Amino acid sequence: MEDKKDSLENNVSQNDPAVSEPVGSDNPQADSGLSGTTKNNAKKPLTPKEKRDHIISEVASWAIIIGIALILATLITKFIIIKAEVVSSSMCDTLKVNDVYLGNRLSYVFGDPERGDIVFFKYPDNEEEIFVKRVIGLPGEKLEIKDGLVYINDSETPLEEPYLKETPDKEDFGPVTIPEDGYFMLGDNRNFSKDSRAWNQFYVTDDELLAKAWLRIWPPFSIVEHHDYEEEN
């Protein structure tokens with residue numbers, strides 16, 4: 001019986017891997033494999049030429065990104081939006097002095113300005129300057145100002161203008177007939193606005209229109225509210 005017991009114990013000792021290969025035992029092959037993996041994964045230091053090539057590659061990548069950004073910004077500014085600062089009080093209190101606005105250049109690509117729109121445009125007497133006013137008279141209309149009130153197409157009722165800063169001075173202008181490609185512009189601060197009443201070229205043409213005022217970005221942020229006369233009708 002003792003011989004069989006010794007034989008059984010020997011079998012367990014020799015065949016059980018948990019016993020024959022305890023964790024942490026000296027195993028030259030296992031140790032050799034682990035150290036070999038570490039050596040293969042170690043990064044070699046870059047040579048001076050490789051460092052130089054890497055720096056050049058990084059600079060080139062950033063130059064391309066910056067170049068693309070500048071091109072996109074130029075295209076967006078030229079064809080999609082306009083940014084302008086208000087430098088006079090002619091549109092107070094709707095647009096205040098020193099406020100900065102974005103205008104949408106695409107607004108009038110697919111449609112025409114409407115009465116009540118606030119518009120950026122080239123100043124008809126000097127197209128190097130950009131003005132912002134409200135569209136009051138539309139192409140082909142007859143417009144007259146009597147006692148400071150605007151009358152369209154011989155209407156007996158003056159145009160309602162809830163956006164005015166104050167009651168206009170009692171002055172007269174016209175009557176005039178607006179050309180088919182022209183718009184009559186007035187400021188909301190009517191008593192202190194240099195607009196179509198005072199220009200040598202009374203009207204803003206289609207070619208001089210730049211954008212419809214859209215968003216005040218400084219102080220941030222406010223959507224520009226245009227007066228919708230069509231809703232009133």
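The values are calculated or read from the model by the stated rules, or taken from the named source; none is laboratory data. Only a predicted model underlies this, so the values are computations on that prediction, with no experimental measurement involved. Because the Cβ atoms are built from the backbone with ideal geometry, glycine has one as well, and the counts that use them run over all protein chains shown.
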* To do: Any residue in the range 193-211 that's β-branched (Val, Ile, Thr): show its pairings with residues that are not in a loop (DSSP other than H, G, I, E, B) at Cβ separation under 7 Å, as long as the two are six or more apart or on different chains.
  => Val204/Phe121; Val204/Gly182; Val204/Tyr183; Val204/Met185; Thr205/Gly182
* Asked: Would you pick out the residues in the range 67-103 that are under 12 Å from the mean Cα position of the chain (by Cα), within 27 Å of Phe192 (Cβ to Cβ) and not hydroxyl-bearing (Ser, Thr, Tyr)?
  -> Ile82, Lys83, Leu102, Gly103
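Conditions tested, residue by residue: (1) under 30 Å from Asp181 (Cα atoms); (2) at pLDDT 95 or above.
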position	(1), (2)
Ala42	no, no
Pro48	no, no
Glu58	no, no
Leu72	no, no
Met91	yes, yes
Ser107	yes, no
Ile118	yes, yes
Lys122	yes, yes
* Asked: Only one residue in Val109, Val150, Val132 is under 21 Å from Asn200 (Cα atoms), of a type in the set (A, V, I, L, M) and free of Cβ contacts under 8 Å to residues at least 40 places away in the same chain, so which one is that?
  -> Val150
* Please enumerate the residues belonging to the range 184-213 that are among the aromatic types (Phe, Trp, Tyr) and either surrounded by fewer than 18 Cβ atoms within 10 Å (Cβ to Cβ) or modelled with pLDDT of 95 or more (or both). => Phe184, Phe192, Trp199, Tyr203
* Asked: Considering Asp172, Asp181, which residue is loosely packed, with under 13 Cβ neighbours inside 10 Å and not small (Gly, Ala, Ser)?
  -> Asp172
